[in-house]
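Novice: Got a structure here, written out as structure tokens. Questions coming.
The values are calculated or read from the model by the stated rules, or taken from the named source; none is laboratory data. A quick note: this is a predicted structure, and the numbers were derived from the prediction, not measured. Here the Cβ positions follow ideal geometry from the backbone for every residue, glycine too, while neighbour counts run over all protein chains shown.
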Amino acid sequence: MGVTANTLQDDGVGASTWDAAALAAHQWGLAERATKLFIMAMGQKDAPCPIIIVRAKAGSVRDMFWSQLTALLTDTPITRLGPSTQTSSLYGTLDITDSLSSGQVIKREGLLSRAQNSVLLLTVADIAEPEFIRSLCIEIDKEEQLPQAIIAFDESDDDVIGIDQSLLDRAQFHLDLTLVDHRTAMAAAWSPLSEIKHDICPEITDKHLENIATHCAAFGLHSARPATHVLWLAKLISTLSESRIITLEHISQAIEISVLPRAKHMPDLPPQPEDEAPNPLPAQSPEDAHNDNFENPEDAQSTLNADDIPDEITPEIAQSFLSKDMLNALLAQGITQQKFARNTGETGRTGHKINPAERGAPKPSRKGSLHSGAALDLPATLRNAAPWQKFRQAFRKGEAHQNAIMIWPEDIHVKRYKHAPSSVLIFIVDASGSTALNRLSEAKGAMELLLGESYSRRDYVALLAFRKEGCDILLPPTRSLVRAKRELTSLSGGGGTPLAAGLQKGLSLAIDQKKAGREPTLILLTDGSANMSLSGQASRPDAMADAEQMAGLVAQSQIKSIIIDIGKRRQSKGKLIAEKMQGHYVALPFTSAETVSRAVKSAINT
Amino acid sequence: MTDKISKRRPTFPFAAIVGQEHLKLALTLCVIDPSIGGILAVGDRGTGKTTAVRGLTAILPEIEIAQDCPYQCDPSPNGAKCPECAANQNLKTNYIQQPMVDLPLGTSEDRLIGALNIERALIDGIKVFQPGLLASANRGFLYIDEVNLLEDHLVDLLLDVAASGWNSIERDGLSVRHPSRFVLVGSCNPEEGELRPQLQDRFGLSVDVITPQIIADRVEVIKRYDAFEKDRAAFTAKWASETQLMQKRIERAQKQCAELSIKDRELTLIAEICQRLGTDGLRGELTLIKTARANAAWRGDHAVSEDHILDVAPMVLGHRLRRDPLDDARGGARVERVLAQLAQARGAA
């Protein structure tokens with residue numbers, strides 16, 4: 001599937017060359033190559049533990065991938081770990097239940113020591129406990145007890161945060177099978193592994209090292225690890241082709257597997273003069289193109305806004321900076337703006353429940369099993385065991401522990417605490433043209449005050465803005481007020497008022513946060529004059545109908561809401577929306593920002 | 001499958017870490033004078049924070065501990081000891097490397113401070129203390145990843161123990177007190193929100209740990225890592241002389257530190273700096289005195305001079321400035337500005 005420079009230039013929309021079938025075939029081919037390298041890496045002596053992340057939903061494609069992988073692994077045992085694996089199981093622990101049942105001390109060997117000769121498989125790693133993943137990462141760093149390799153499956157959607165960043169940072173191989181279809185996966189079995197000579201030690205030039213470092217920096221990977229992964233992979237690829245020298249082609253392949261899938265943004269581009277046509281690709285060898293383009297990335301001035309690049313990366317902009325091969329690779333993997341956002345770890349939705357704090361007012365203890373995070377309530381346990389002692393004498397085995405109280409698993413009581421959820425303030429700001437003219441600066445002032453107060457309450461804040469045709473999440477829930485202020489300052493207005501879209505996004509974010517264990521409050525700043533419907537029609541009656549419907553949904557979901565009316569006149573529309581939402585209504589005209597902040601505070605506290 | 005990695009392979013040499021001069025200096029000064037009170041390392045992941053702590057731990061001299069003691073008690077006559085070791089007349093001793101404990105995100109309170117040994121309680125019916133991570137960290141380093149995400153009361157507890165040097169447990173019918181002295185290093189990613197000011201203030205020093213901005217530096221990082229992975233023994237040997245130099249310097253500085261004098265003129269300067277910056281309380285001044293002294297000892301000088309103070313003022317005071325939570329300015333930059341103003345004012349006088 002070669003894409004020439006001409007195709008990119010003439011077409012204008014390079015993405016059309018990559019239709020669904022082509023993307024599927026490319027991803028599957030990449031998967032085969034990367035997996036073989038992964039297995040090659042396992043065989044290397046004194047090498048880091050190979051870690052591979054595989055994005056794929058459960059289904060026939062993933063099953064096919066798994067059967068191909070296991071065929072290549074031949075007889076290496078596999079240790080499966082589900083998402084509810086406890087951190088304590090990494091280390092050796094006492095098996096309380098078995099010990100109590102049998103009357104003897106039964107210890108469970110730690111996962112890490114058990115799995116030293118096998119491959120660890122983390123199924124659904126995206127909803128594993130962060131503590132578990134991070135503890136695993138610490139053990140990986142320690143290098144004392146390691147499995148042969150680690151495979152992690154990620155089933156999360158595109159708009160949900162996936163696997164914990166600490167594991168992603170340490171993983172050298174990143175695969176995406178989400179665009180592969182059933183037919184492509186079934187088409188042909190993978191060829192067997194070729195014989196490799198592990199004693200070749202490929203060399204690399206300084207210029208090529210610069211290339212690697214520059215690519216990582218350009219794609220927003222600031223950790224030191226990805227660059228070292230690229231080097232390692234390039235060496236493996238080079239060894240596979242029995243070359244003693246690492247070439248740019250090897251490096252490109254390594255970047256495809258190790259960098260592009262975790263890229264956080266497009267590289268910064270030099271400023272584009274308004275009237276010039278995009279520069280045609282100079283007639284250079286690919287090698288020179290690579291080097292010239294990445295001489296001084298820190299000299300590039302303008303950053304691309306999310307607005308400038310639509311979901312598909314337009315070749316005209318990118319080709320003047322990236323080599324056409326790299327652009328090709330990006331398109332081929334189906335990498336879009338959304339994937340970039342996902343990789344920064346900030347899409348606003350979390351896949352797993354945030355651990356409830358152990359603190360809070362104590363609730364009565366109840367029956368439970370001992371596992372990490374659960375505190376034994378010894379008095380309650382003993383109290384429950386006491387009456388049964390005489391009866392249990394009959395079950396005493398042997399002479400040991402004659403004086404011990406016989407405690408059976410069903411006696412165990414664990415402490416519980418009230419979970420005091422942290423709150424998240426979701427600001428939904430009307431950034432339409434009408435607001436910009438009127439009271440956007442006052443609205444900003446009110447929000448700044450509220451932000452200052454949320455700092456002392458340790459609340460999370462999120463910022464959504466609706467304008468033109470839809471609603472954007474400018475800031476996913478964060479405690480970093482510095483970022484909140486930054487977003488607020490750069491907030492600008494214009495375009496129509498898609499109020500319904502704003503409410504819809506805000507509501508879905510609130511529901512997600514609620515699922516994750518936080519208490520959401522919607523704070524809507526608008527003048528209520530919606531003129532853009534959900535379907536994008538510029539019709540006032542439709543827009544208002546949609547907005548009222550959304551407001552009703554908010555009320556139904558029982559999510560606290562506050563409506564700050566920033567209209568010039570006391571609009572009945574703002575009040576109407578507030579009534580439908582069953583939220584608190586505060587009018588900004590004729591009042592100061594302080595009054596608003598007071599009103600909001602009292603509303604939150606009720 | 002091949003036998004992968006043998007235990008206790010050498011760690012990446014501290015002297016071979018590219019850049020990160022502020023972090024390396026802060027760690028060194030905390031080793032010279034542990035009462036400085038720990039470091040808050042602010043920066044992204046993958047910038048070499050744990051590498052630096054592990055590297056330093058590896059080059060420090062081995063310590064003598066009481067054998068069979070879970071707290072690594074200090075057998076020397078004035079060393080802090082747990083009640084059992086204090087009562088024991090014939091302590092058997094052993095030598096080990098200074099411990100480094102890495103605290104993962106989401107560590108429970110029980111795992112941190114220790115708890116009732118469930119096994120002994122339920123099976124044998126005896127009340128025995130199960131030491132936690134604070135016990136393992138005694139006389140070493142405690143590294144906390146993303147300290148800003150740790151529950152407030154745990155950070156509180158850690159800072160208490162770090163300041164007093166003792167861990168006291170009163171729960172589940174246990175009453176235990178054991179020594180727990182460590183250099184506390186907390187990493188913090190500012191994008192995720194900050195520590196409360198009361199907690200932040202109790203860290204002795206704060207440093208920004210950023211990825212090298214120059215491509216050449218990034219290349220050097222990859223090169224050194226690659227060379228290290230290829231042959232750890234050879235790489236360590238290559239840096240051996242630099243490492244030994246460091247070890248000697250640290251040893252000498254530790255001895256000299258207590259004897260260094262600081263004159264009134266320098267004390268006045270310190271007070272002036274803190275007053276201009278508007279730092280709350282006296283902790284800033286006291287820490288700046290200690291850190292300047294450790295700095296002078298590290299440089300092998302015989303008295304604390306103005307340069308020693310100005311050198312370390314940003315890392316001591318950067319996180320103690322009264323601030324607007326919405327203010328973007330990095331603390332270190334503000335300190336430098338004030339120092340420049342001060343220099344101008346004194347030049348004019």
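Novice: When you go through (1) crowded, with 23+ Cβ neighbours inside 10 Å; (2) among the polar types (S, T, N, Q); (3) free of Cβ contacts under 8 Å to residues at least 24 places away in the same chain one by one for residue B:167, which number turns out not to apply?
Specialist: In the conditions (1) crowded, with 23+ Cβ neighbours inside 10 Å; (2) among the polar types (S, T, N, Q); (3) free of Cβ contacts under 8 Å to residues at least 24 places away in the same chain, residue B:167 misses (3) alone.
Novice: Spot the failing condition for residue A:166; the list is (1) within 14 Å of chain B (Cβ to nearest Cβ); (2) at pLDDT 95 or above, and only one is missed.
Specialist: So the condition that residue A:166 fails would be (2).
Novice: Among the residues of the stretch B:66-73, are any surrounded by 19 or more Cβ atoms within 10 Å (Cβ to Cβ), within 14 Å of chain A (Cβ to nearest Cβ) and under 20 Å from the mean Cα position of the chain (by Cα)?
Specialist: Checked the stretch B:66-73: no residue is surrounded by 19 or more Cβ atoms within 10 Å (Cβ to Cβ), within 14 Å of chain A (Cβ to nearest Cβ) and under 20 Å from the mean Cα position of the chain (by Cα).
Novice: Of the residues A:252, A:223, A:243, which is more than 13 Å from chain B (Cβ to nearest Cβ) and more than 22 Å from residue A:27 (Cβ to Cβ)?
Specialist: A:243
Novice: Do you know which of the residues in the stretch B:189-212 that are of a type in the set (A, V, I, L, M, F, W, C) and within 14 Å of the chain's Cα centre (by Cα) is surrounded by the most Cβ atoms within 10 Å (Cβ to Cβ)?
Specialist: B:205
Novice: Same structure, new question: Would you call residue B:154 away from every other protein chain (no Cβ under 14 Å), assigned to a helix (DSSP H, G or I) and farther than 25 Å from residue B:67 by Cβ?
Specialist: So residue B:154 does not fit the description; no.
Novice: Taking the stated definitions as given, is residue A:173 aromatic (Phe, Trp, Tyr), touching a residue at least 12 places away in the same chain (Cβ under 8 Å), within 12 Å of another protein chain (Cβ to nearest Cβ) and within 24 Å of residue A:48 (Cβ to Cβ)?
Specialist: So residue A:173 fails the test.
Novice: Something else now. Starting from residues that are closer than 23 Å to residue B:94 by Cα and among the charged types (D, E, K, R), keep the ones in the stretch B:30-64 and report whichever is surrounded by the fewest Cβ atoms within 10 Å (Cβ to Cβ).
Specialist: Residue satisfying both the conditions and the ranking: B:62.
Novice: I need the full set of residues from the stretch A:105-125 which are within 14 Å of another protein chain (Cβ to nearest Cβ) and within 25 Å of the chain's Cα centre (by Cα), in order please. Walk me through how you get there before you give the answer.
Specialist: Keep residues of the stretch A:105-125 that are within 14 Å of another protein chain (Cβ to nearest Cβ), which gives A:105-108, A:112-113, A:115-120.
Selection gives A:119, A:120.
Novice: Ok, one more. Go through the residues of the stretch B:210-221 one by one and say whether even a single one is in contact with a Lys or Arg (Cβ under 8 Å, 6 or more places away or on another chain) and away from every other protein chain (no Cβ under 14 Å).
Specialist: Looking for residues that are in contact with a Lys or Arg (Cβ under 8 Å, 6 or more places away or on another chain) and away from every other protein chain (no Cβ under 14 Å), one finds none in the stretch B:210-221, hence no.
Novice: Exactly one condition in (1) surrounded by 22 or more Cβ atoms within 10 Å (Cβ to Cβ); (2) more than 13 Å from every other protein chain (Cβ to nearest Cβ); (3) touching a Ser or Thr at 6+ places or on another chain (Cβ under 6 Å) is false for residue A:229; which is it?
Specialist: Status for residue A:229: all satisfied but (2).
Novice: Looking only at the stretch A:486-497, how many residues end up being within 14 Å of chain B (Cβ to nearest Cβ) and either surrounded by fewer than 21 Cβ atoms within 10 Å (Cβ to Cβ) or in contact with a His (Cβ under 9 Å, 6 or more places away or on another chain) (or both)?
Specialist: 4
Novice: If you scan the stretch B:281-300, which residues turn out to be surrounded by fewer than 20 Cβ atoms within 10 Å (Cβ to Cβ) and in contact (Cβ under 8 Å) with a residue 40 or more places away in the chain? If you could, list the steps in order and put the result at the bottom.
Specialist: Taking the stretch B:281-300 and keeping what is surrounded by fewer than 20 Cβ atoms within 10 Å (Cβ to Cβ), we get B:281-283, B:285-286, B:289, B:299-300.
The answer is B:281, B:283, B:300.
Novice: I'm trying to understand the selection: among the residues of the stretch A:131-141, which are facing another protein chain (nearest Cβ under 8 Å) and either touching a strand residue (DSSP E or B) at 6+ places or on another chain (Cβ under 8 Å) or among the acidic types (Asp, Glu) (or both)?
Specialist: Correct list: A:131, A:138, A:141.
Novice: Taking into account only those residues within the stretch B:46-64 that are assigned to a loop (DSSP other than H, G, I, E, B) and within 11 Å of another protein chain (Cβ to nearest Cβ), which is farthest from residue B:24 (Cα to Cα)?
Specialist: B:46
Novice: In addition: If you scan the stretch A:199-220, which residues turn out to be more than 8 Å from every other protein chain (Cβ to nearest Cβ) and part of a helix (DSSP H, G or I)?
Specialist: A:207, A:208, A:211, A:215, A:218 - these are the residues of the stretch A:199-220 that are more than 8 Å from every other protein chain (Cβ to nearest Cβ) and part of a helix (DSSP H, G or I).
Novice: Across the stretch B:227-280, what is the number of residues that are at positive phi and surrounded by 15 or more Cβ atoms within 10 Å (Cβ to Cβ)? Even if it seems obvious, please write down each step before you answer.
Specialist: Narrowing the stretch B:227-280 to residues at positive phi: B:278.
Those still in the list that are surrounded by 15 or more Cβ atoms within 10 Å (Cβ to Cβ) too: none.
Within the stretch B:227-280, residues that are at positive phi and surrounded by 15 or more Cβ atoms within 10 Å (Cβ to Cβ) number 0.
Novice: Another question, then. Among the residues of the stretch B:80-100, is any surrounded by 22 or more Cβ atoms within 10 Å (Cβ to Cβ), under 23 Å from residue A:87 (Cβ atoms) and either basic (Lys, Arg) or within 14 Å of another protein chain (Cβ to nearest Cβ) (or both)?
Specialist: Yes, the stretch B:80-100 contains at least one residue that is surrounded by 22 or more Cβ atoms within 10 Å (Cβ to Cβ), under 23 Å from residue A:87 (Cβ atoms) and either basic (Lys, Arg) or within 14 Å of another protein chain (Cβ to nearest Cβ) (or both).
Novice: Can you name every one of the helices (runs of 4 or more DSSP H) wholly within the stretch B:230-349 that holds 1 or more residues which are of a type in the set (Asp, Glu)?
Specialist: B:240-257, B:264-277, B:283-298, B:306-317, B:331-348
Novice: Here's a follow-up. Looking at residue B:291, is it under 29 Å from residue B:199 (Cβ atoms) and in contact with a strand residue (DSSP E or B) (Cβ under 8 Å, 6 or more places away or on another chain)? Please lay out each step first, then the result.
Specialist: On the way: under 29 Å from residue B:199 (Cβ atoms): yes; in contact with a strand residue (DSSP E or B) (Cβ under 8 Å, 6 or more places away or on another chain): yes.
In short, yes.
Residues checked against (1) of a type in the set (Phe, Trp, Tyr); (2) farther than 26 Å from residue B:55 by Cα; (3) in contact with a helix residue (DSSP H, G or I) (Cβ under 8 Å, 6 or more places away or on another chain):
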{"residue": "B:242", "(1), (2), (3)": "no, no, yes"}
{"residue": "B:254", "(1), (2), (3)": "no, no, yes"}
{"residue": "B:279", "(1), (2), (3)": "no, yes, yes"}
{"residue": "B:286", "(1), (2), (3)": "no, yes, no"}
{"residue": "B:318", "(1), (2), (3)": "no, no, yes"}
